[in-house]
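One structure is given here, and the rest of the page talks about it.
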Amino acid sequence: MSKEFNAFEMAQRQFDAVAEKLQLGEGMRELLRWPQREYHFTIPIKMDDGSVKVFKGFRVQHSDARGPCKGGIRFHPQETIDTVRALATWMTWKCAVVDIPLGGGKGGVICDPHDLSAREQEQICRNWVRQVARNIGPVQDVPAPDVMTNPQHMVWMMDEYEKITGGHFPGAITGKPVELGGSLGRTEATGYGVIYTVREALKRMNIPIKGIKASLQGFGNVAQYAAKLLIDLGGTVVAVSSWDNTDYKAYTFRNLEGIDVDFLLSITDRFGTVDKTKAAEAGYEVLDAEAWLEQDVEILIPAALENQVTGENAHKIHDNVKILSEGANGPTTPEADEILKEKGIFVIPDFLANAGGVTCSYFEQVQCNTNFFWPKEEVLERLDQKMTLAFHAVTDLAEETDEFMRDAAYMIAIQRVATACHLRGWA
Ligand code: NAD
């Protein structure tokens with residue numbers, strides 16, 4: 001029987017390969033291969049029917065060498081400690097590559113919110129905080145929403161943290177509603193960040209963004225705002241795609257003249273599913289799931305799921321494609337990377353391209369800690385500066401060393417964390 005995929009083993013293998021390129025010492029490698037701290041705990045909840053159910057919770061702090069840990073909390077029935085460890089490790093590299101003074105963390109509860117009432121979910125949030133209150137907070141570890149957790153969950157968690165500590169600490173958690181310490185611009189941040197990096201890549205290639213054509217996978221938060229900004233900058237988006245829950249299939253929606261984001265939004269539900277009947281009525285071609293990948297465009301943006309551009313389908317990418325910018329986490333497999341290299345496609349790796357979200361969460365934390373909130377334009381301007389700087393630092397290194405962009409991004413991130421550990425005298 002084949003061994004099951006283990007995300008943490010993969011994160012460690014990626015790290016080992018880059019540690020070798022960077023010639024890190026044995027002690028440093030051992031330090032950064034493992035999370036610094038892990039908390040495993042039980043969360044007993046009195047259910048609505050009077051019974052008591054015990055959930056399992058985790059918080060993993062991979063590295064706080066560069067600053068407080070940062071990372072989401074997932075509520076998922078298939079959550080495992082190794083998934084949380086891997087995600088915490090990747091958060092360390094993501095924060096480092098965009099050079100924000102934070103480390104990496106991740107948390108989770110094994111549960112399915114679909115089966116829980118709002119009261120039961122609130123109890124899980126409050127009880128999760130009670131278990132780790134001494135070990136999280138604005139100067140230690142700052143959680144945020146992730147899969148199946150939302151701003152309401154964050155408010156319950158913040159409220160419980162403040163009850164325990166007896167003060168106001170909105171910077172203890174991010175992803176809160178704007179009415180209670182959330183940052184303006186967070187909704188746009190990831191999609192816009194993807195396009196800031198695409199814009200800079202085009203500049204380096206001397207290709208004007210005006211008239212550029214793109215095709216996107218997905219039409220959720222990331223894809224919607226990426227499409228909107230690219231069109232605002234003079235580009236055309238010819239296709240997007242989405243998952244349809246009525247027949248469990250994905251479809252591509254194409255308009256060679258360019259999609260109208262506002263129209264598509266008016267026929268898209270809150271889960272990012274485009275209504276295929278209404279799209280067809282409005283003249284959009286409704287094509288199969290993979291059609292987004294095969295378009296005659298210069299830019300491809302996978303912004304839906306992991307594992308989408310693979311050894312099997314990467315050959316279908318059109319010869320005119322110049323840039324693939326990964327809005328989603330892990331959309332490209334290592335086999336596909338090899339094909340992209342052969343095709344000469346410039347890849348902007350996920351933990352750089354989609355780092356706009358965590359960068360804006362950092363801005364939320366900064367605003368909360370100083371109790372002074374910025375207008376949206378200021379948030380987006382600072383986001384643009386951070387993403388642009390990070391993009392050029394990685395591209396400069398990739399060019400100087402002739403490394404693939406993904407490897408260059410890892411080299412910068414891991415070197416920054418290693419330097420912080422070294423300066424602190426840890427390794
Ligand atoms: P979302 O849930 O808002 O949207 C997901 C979109 O993908 C929806 O349109 C859905 O219909 C579509 N989709 C799902 N399965 C599909 C399939 N098989 N084929 C085509 N389309 C499919 O999610 P999001 O917040 O936009 O996140 C998208 C990706 O970006 C995820 O990988 C996420 O981890 C990553 N990401 C998001 C953020 C953020 O701030 N939202 C930050 C960093 C990374």
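Cβ-Cβ contacts under 6 Å between residues 6 or more apart (or on different chains), taken from a first residue in the range 312-335 that is over 20 Å from residue 191 (Cα atoms) to a second residue that is part of a loop (DSSP other than H, G, I, E, B) and within 14 Å of the ligand (Cβ to nearest atom), are listed as 333/310. Considered as a group, the residues in the range 331-346 that are farther than 22 Å from residue 203 by Cβ and open to solvent by less than 70 Å² (accessible area, probe 1.4 Å) include one that is nearest to the ligand (Cβ to nearest atom), and that residue is 331.
Screening residue 206 against (1) more than 9 Å from the ligand (Cβ to nearest atom); (2) polar (S, T, N, Q); (3) touching a residue at least 12 places away in the same chain (Cβ under 8 Å) leaves a single unmet condition, (3). Out of the residues in the range 223-235 that are open to solvent by 50 Å² or more (accessible area, probe 1.4 Å) and part of a helix (DSSP H, G or I), state the one that is nearest to the ligand (Cβ to nearest atom). Among those that are open to solvent by 50 Å² or more (accessible area, probe 1.4 Å) and part of a helix (DSSP H, G or I), it is 225. Contact annotation: no residue pair with Cβ atoms under 6 Å, 6 or more positions apart or on different chains, pairs a residue in the range 107-121 that is in contact (Cβ under 8 Å) with a residue 12 or more places away in the chain and closer than 11 Å to residue 149 by Cα with a partner that is surrounded by fewer than 12 Cβ atoms within 10 Å (Cβ to Cβ) and among the hydroxyl-bearing types (Ser, Thr, Tyr).
Residue by residue, here is whether (1) open to solvent by 10 Å² or more (accessible area, probe 1.4 Å); (2) at pLDDT 95 or above; (3) in the same structural domain as residue 370 (by TED's automatic domain parsing); (4) within 14 Å of the ligand (Cβ to nearest atom) holds:
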{"residue": "167", "(1), (2), (3), (4)": "yes, yes, no, no"}
{"residue": "171", "(1), (2), (3), (4)": "no, yes, no, no"}
{"residue": "194", "(1), (2), (3), (4)": "no, yes, yes, yes"}
{"residue": "210", "(1), (2), (3), (4)": "yes, yes, yes, no"}
{"residue": "221", "(1), (2), (3), (4)": "yes, no, yes, yes"}
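Within this structure, residue 127 fails the test of being within 24 Å of the chain's Cα centre (by Cα) and of a type in the set (S, T, N, Q). Flag not set for residue 371, criterion: under 25 Å from residue 213 (Cβ atoms) and among the polar types (S, T, N, Q). Any residue in the range 85-92 that is in contact (Cβ under 8 Å) with a residue 12 or more places away in the chain and over 16 Å from the mean Cα position of the chain (by Cα)? There is no residue in the range 85-92 that is in contact (Cβ under 8 Å) with a residue 12 or more places away in the chain and over 16 Å from the mean Cα position of the chain (by Cα). Cβ-Cβ contacts under 6 Å between residues 6 or more apart (or on different chains), taken from a first residue in the range 391-406 that is in the same structural domain as residue 334 (by TED's automatic domain parsing) and open to solvent by less than 40 Å² (accessible area, probe 1.4 Å) to a second residue that is of a type in the set (Asp, Glu) and at pLDDT 95 or above, are listed as 391/200.
Of the residues making up the range 116-163, those that are touching an Asp or Glu at 6+ places or on another chain (Cβ under 6 Å), part of a helix (DSSP H, G or I) and not basic (Lys, Arg) number 2. The condition of being touching a residue at least 24 places away in the same chain (Cβ under 8 Å), in the same structural domain as residue 243 (by TED's automatic domain parsing), away from the ligand (no atom under 12 Å from the Cβ) and open to solvent by 10 Å² or more (accessible area, probe 1.4 Å) holds for only one of 351, 373, that being 373.
Considering 298, 326, 285, 294, the condition of being open to solvent by less than 40 Å² (accessible area, probe 1.4 Å), of a type outside the set (A, V, I, L, M) and closer than 19 Å to residue 236 by Cα is satisfied by 326 alone. Taking the criterion of being open to solvent by 70 Å² or more (accessible area, probe 1.4 Å), under 19 Å from residue 113 (Cα atoms) and assigned to a loop (DSSP other than H, G, I, E, B), the residues of the range 27-57 that qualify are 48, 49. Strands (runs of 3 or more DSSP E) fully within the range 236-330 that include at least 2 residues being within 9 Å of the ligand (Cβ to nearest atom): 236-244, 249-254.
The values are calculated or read from the model by the stated rules, or taken from the named source; none is laboratory data. Owing to the predicted nature of the structure, the values given are computational and were not obtained by experimental measurement. A quick note on method: Cβ atoms are made from the backbone with ideal geometry, for glycine too, and the neighbour counts reach across all protein chains shown. What goes into the accessible areas is simple: the full protein's heavy atoms, side chains included, and nothing from ligands, DNA or RNA. Shrake-Rupley method; radii C 1.70, N 1.55, O 1.52, S 1.80 Å.
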